[in-house]
1. Just check the range 66-197 against the gyration tensor rule for me: Cα atoms, a ≥ b ≥ c as the square roots of the eigenvalues, rounded for a/c under 1.5, and otherwise prolate or oblate depending on whether a/b exceeds b/c.
2. Length gain on complete extension for the stretch Ile147 to Thr84, per 0.36 nm per residue less the alpha carbon to alpha carbon distance?
3. I need Trp164, Trp146, Trp35 ordered by Cβ neighbour count within 10 Å, fewest first.
4. Going by amide H atoms built from the backbone, whose H comes under 5 Å of the H on Tyr51, apart from near neighbours?
5. Between Val129 and Ser182, what is the FRET efficiency for a Förster distance of 45 Å, r being their Cβ-Cβ separation, to the nearest 0.05?
6. Relative to the Cα centre, what is the charge dipole magnitude of the range 109-183, using +1 at the beta carbon of each Lys and Arg, -1 at the beta carbon of each Asp and Glu, and rounding to the nearest 20 debye?
7. Can you put Ser176, Ser57 in order, fewest other beta carbons within 10 Å first?
8. Could you list which residues have their amide H under 5 Å from that of Phe194, counting only those 5 or more apart in sequence or on another chain, with H placed in the peptide plane?
Amino acid sequence: MNSNYNANNNGELTAYDFGKIGVTETSHRPEISLWLDSYSDLFSDFDPRPYSQRALSHDFLEELRRATFEIGMESFKLSLLIPTTLRKTTEENIIKRRLNDHFNKHAALQNKERRKVVLSGFGMIFFGVLLMAGATIIFHNYRENWIYSLLIPLLEPAGWFMVWEGMYLAIFVNRSQRPELSFYQKVSAAEVKFGSY
């Protein structure tokens, strides 16, 4: 990664440069600029569908992910720079909608997955506590009955397992999903615009 700290023509400070990507600090909010050879740079080479349905390029998403990491949780503008001779307003509007649809869809999917993991974790914790409570009740009230007493060595370890596994899901797996959710939340809120170079 090459770092640049040069003022551009507008007097804005270019903080970072990722080859074709620059993150510009302005007085209002950061702007991520991508230099594209054509509109196709945004999309997968293996997907022949029109821009309105086409899958986004893995390279584009990875570079965008790297650039958004540098600006933290701030909202930003995404500026897509295309050669002047190749610009078409109708295609740009379609691409903007496609980008917004993709980012919003994945933000919603990541949020849903995170909620599912957290709920599963707390559900396992609750069920584990119930198992341990059952083992305790049996120990104090029914330990003379050998059939009930056989349940204690089954319920207690199962209860501890459920509690620890639930805590792992609710805390550690949930935490590991946050960067991806944060990325899609940021890009779904970004203002996308096209420019020329």
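1. Note, shape of the range 66-197 comes out prolate.
2. Gain on extension, Ile147 to Thr84, equals 14.5 nm.
3. Final ranking by Cβ density, sparse to dense: Trp146, Trp164, Trp35.
4. Distant-sequence amide H within range of Tyr51: zero hits.
5. The pair Val129/Ser182 has a calculated efficiency of 0.90.
6. It works out to roughly 380 debye.
7. Starting with the residue having the fewest Cβ neighbours, the order is Ser176, Ser57.
8. Leu80
We did not get these values from a lab; they are worked out from the coordinates using the rules stated. Keep in mind the model is a prediction, meaning the values are calculated, not measured. Glycine gets a Cβ as well: all are built from the backbone with ideal geometry, and neighbour counts include every protein chain shown.
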